[in-house]
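Only one structure is covered here, and it is reproduced in the block below.
Bear in mind that the values in this text are calculations on the coordinates, not laboratory data. The shown structure was predicted, so the numbers you read here are calculated from the model rather than taken from an experiment. Cβ coordinates were reconstructed from backbone atoms using ideal geometry, including for glycine residues, and neighbour counts include every protein chain displayed.
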Amino acid sequence: MTGDGQAAADAPTKIAVRELTVHYGSTRALASVSLDVPDRHVTACIGPSGCGKSTFLRCLNRMNDHIRGVRITGRVTIDGEDVYAPSVDPVALRQRVGMVFQKSNPFPKSIFDNVAFGPRIHGERDPVRLRGIVERSLRQSALWEEVSDRLDRSALDLSGGQQQRLCIARALAVEPEVLLMDEPASALDPIATAKIEELIHELKEQYTIVIVTHNMQQAARVSDYTAYFYMGNLVEFGPTERLFTNPSRPETEDYITGRFG
Amino acid sequence: MNHHYLRRRLVERIMFATTVGATAVTLGVLFFLLGYLAWQGATSLSLDFFIHLPAPVGETGGGMANAIVGSGKLLLIAALIGVPVGFMGGVWLAEYGTGWLAGAVRYAADVLNGVPSIVIGVILYAVLVRPFGHFSTLAGGVALGLMMIPVAVRATEEFLRLVPGSLREAALALGAPKWIVIVRVVIPAGMRGIAAGLILALARVAGETAPLLFTALNNRFWSPGWSQPTASLPVMIFTYAIAPYEDWHRQAWAAGLVLLVLVLGANILARAALSRGGSPAAS
């Protein structure tokens with residue numbers, strides 16, 4: 001089980017990663033990582049800065065394609081389908097694998113237009129259906145009660161925590177199967193963070209969630225499975241409870257008990 | 001020690017006074033020019049200036065209605081060329097421009113920007129005037145449009161580059177293809193700045209005289225259509241200012257003031273567009 005995340009989980013596998021290696025130029029960011037992300041659970045990626053956890057996340061929806069000088073080898077499959085196969089359009093892939101970023105990045109448009117952006121570019125024109133999608137997505141991200149009376153106001157007028165939940169709603173509006181979250185609460189205050197965590201808890205009923213976090217308490221609170229990365233290697237992967245109470249690798253124990261990192 | 005201190009103090013005083021003096025000269029010249037033009041122009045300006053044709057030689061009075069309309073038509077053609085070409089070129093440079101080709105395009109834009117305006121006029125004379133046998137509004141407008149392109153290209157590129165990468169990533173992560181990211185997210189976010197840049201580029205060519213001398217020439221009457229010589233404010237100023245008639249000099253001052261107000265107005269409009277709503281980076 002150590003250093004190898006294959007079949008560590010009891011739930012069926014949604015994303016299977018095999019020997020994933022990533023280079024940025026001559027720097028190796030990820031070294032032969034193999035991991036099974038279980039379906040409709042929350043998988044947390046933890047580890048010190050520069051350990052490769054964000055790189056790992058960005059491989060799952062091929063956002064790394066846009067970085068110059070990147071070289072990716074290995075296999076990533078979602079429901080058995082190879083994400084890096086030449087026949088796969090990364091644009092279509094990203095409809096299935098949504099992403100929420102560390103710094104909230106709403107478009108300088110209205111709240112409504114932010115959430116409706118995804119459905120619109122994928123061809124939804126009907127105003128009634130669009131309204132339905134926007135309401136459903138904002139309810140799912142627990143923002144509806146706060147903004148339902150001002151959907152036409154600029155998204156930039158919202159508070160930081162609201163902006164981040166808006167970004168989650170915007171990602172959900174595309175109806176993805178997987179939601180990737182790259183330190184979604186690291187720029188938020190404790191109350192806003194608690195809301196996001198509560199939200200993650202509800203969303204895992206429907207979505208497979210992979211979350212990168214610096215905050216080990218957060219990983220312990222929100223995730224079912226945890227992957228510990230160090231220097232581009234997957235050190236340990238397993239059920240969160242076991243990993244935090246009884247890690248099988250001494251490096252993991254050192255990190256989670258705060259002896260380094 | 002004391003000697004050194006006094007010397008340093010003296011040098012400091014002299015240098016400070018020099019910089020203050022240079023600033024005062026700069027501002028003084030600017031305000032003298034603006035003030036003199038405003039005074040001379042305002043005392044020469046009347047309603048006639050805006051609604052009448054130039055008076056026949058030897059008579060006083062008349063106006064420059066045809067030059068105002070002529071300048072408008074020239075700028076319309078310039079905008080029809082400079083805005084789309086400059087805007088599209090800027091979008092390409094900012095969003096797709098990598099490698100040697102982008103470097104070549106940027107360099108070409110800078111070179112074009114540095115070509116003396118009279119040379120542009122001569123080239124257009126050879127290409128659009130000589131073959132047709134007559135000067136025209138079209139040739140003048142094309143000359144101004146060509147001059148506008150490099151400024152418009154670089155302004156568009158600069159403002160698109162200010163749009164934060166996080167917005168592009170957000171749209172890409174929603175499954176937007178690159179062209180949709182550009183059209184629906186990046187360009188709207190940078191639009192205010194781009195609009196301001198394009199207005200300034202147009203304002204800049206509005207005062208150009210040299211490229212019009214060989215292309216649009218001048219006209220003392222209305223210039224119907226696009227294929228006849230036309231009057232324009234800059235060329236009228238040039239013609240009237242060097243003429244031996246006192247009345248023409250006053251009209252040149254009036255035309256100078258009108259041109260200045262138009263260009264200044266465009267500048268203010270551009271600045272207002274930039275400041276309202278803040279920068280695209282305010283996300």
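The antiparallel fraction among DSSP beta bridges confined to the protein assembly as shown stands at about 60%.
For the peptides B:19-28, A:50-59, residues were scored by their other Cβ atoms within 10 Å and the scores averaged per peptide; the highest-first order is A:50-59, B:19-28.
By the count of neighbouring beta-carbon atoms within 10 Å, fewest first, A:R139, A:R40 end up ordered A:R139, A:R40. Averaged over the residues of B:174-183, the number of partner chain Cβ atoms lying within 10 Å of the residue Cβ comes to 6. The count of lysine pairs in the protein assembly as shown with alpha-carbon distances below 28 Å, taking only pairs 8 or more places apart or on different chains, stands at 15. Other protein chain C-beta atoms within 10 Å of residue C-beta, averaged over A:84-90: 1. According to the square roots a ≥ b ≥ c of the eigenvalues of the Cα gyration tensor, what is the shape class of the stretch A:25-105, taking rounded for a/c under 1.5, prolate for a/b larger than b/c otherwise, and oblate for the remainder? Verdict is rounded for the stretch A:25-105. The stretch A:21-51 and the stretch A:93-135 have their alpha-carbon centroids 28 Å apart. Does the stretch B:1-156 come out rounded, prolate or oblate by the C-alpha gyration tensor, with a ≥ b ≥ c the root eigenvalues, rounded set by a/c under 1.5 and, if not, prolate when a/b is larger than b/c and oblate if not? In terms of gyration-tensor shape, oblate. For the segment A:201-209, counting C-beta atoms of other chains within 10 Å of every residue's C-beta and taking the mean gives 0. Computed on the stretch A:31-107, with alpha-carbon pairs under 8 angstrom and 6+ residues apart, the relative contact order is 22 percent.
Under a Gaussian network description of chain A, with springs only between Cα atoms under 10 Å, the residue in A:V37, A:V174, A:V88 that fluctuates furthest is A:V88. Highest mobility in the GNM of chain B, judged by mean-square fluctuation with C-alpha springs under 10 Å and restricted to B:V205, B:V183, B:V69, is found for B:V183. So how tilted is helix A:190-203 from the main axis of chain A? Cα-based, degrees 0 to 90, rounded to 10. Roughly 90 degrees, rounded to the nearest 10. When you filter the trypsin sites (Lys or Arg not before Pro) in the stretch A:183-261 for DSSP loop state and at most 15 other Cβ atoms inside 10 Å of their Cβ, you are left with A:R259. By other beta-carbon atoms within 10 Å, ranking B:W39, B:W100 with the fewest at the front produces B:W100, B:W39.
Dipole size of the stretch A:108-211 about its Cα centre, with +1 on Lys/Arg Cβ and -1 on Asp/Glu Cβ: approximately 360 debye, rounded to the nearest 20. In a solvent-free Debye calculation with one equal scatterer on each Cα, what is log10 I(q)/I(0) for the stretch A:181-261 at q = 0.17, 0.22 Å⁻¹, listed in the order of the q values? Values returned for q = 0.17, 0.22 Å⁻¹ are -0.70, -1.09.
The residues A:H214, B:H3, A:H41, when put in order of fewest to most other Cβ atoms within 10 Å, stand as B:H3, A:H214, A:H41. Report summary: the helix-based calculation at 222 nm, which adds -39500 (n - 2.57) for every DSSP H run with n ≥ 4 and divides by the residues of chain B, gives -24000 deg cm²/dmol. For chain B, complete DSSP H runs whose alpha carbons reach 30 Å or more along their own long axis and whose mean Kyte-Doolittle score is -1.0 or higher are B:2-44, B:65-95, B:137-161, B:246-275. Normalising the average separation of contacting C-alpha pairs (under 8 angstrom, six or more residues apart) by the number of residues puts the relative contact order of chain A at 29 percent. By the gyration tensor of its Cα atoms, with a ≥ b ≥ c the square roots of the eigenvalues, what is the shape of the protein assembly as shown: rounded for a/c under 1.5, prolate for a/b over b/c, or oblate? Verdict is prolate for the protein assembly as shown.
Evaluate E = 1/(1 + (r/R0)^6) for B:F32 and B:H4, where r is the Cβ-Cβ distance and R0 equals 56 Å; express this FRET efficiency to the nearest 0.05. Once rounded, the FRET efficiency stands at 0.85. Helical content of chain A, expressed as a calculated mean residue ellipticity at 222 nm, amounts to -10000 deg cm²/dmol (DSSP H runs of 4 or more residues, -39,500 (n - 2.57) each, divided by residue number, nearest 500). The loop-placed chymotrypsin sites (Phe, Trp or Tyr not before Pro) in the stretch A:155-240, going by DSSP, include none that has at most 13 neighbouring Cβ atoms within 10 Å of its Cβ.
Between the Cα long axis of helix A:160-172 and the first principal axis of chain A there is an angle of about 90°, rounded to the nearest 10.
Once you reduce the stretch B:208-263 and the stretch B:43-61 to the center of their Cα atoms, the two points are 13 Å from each other.
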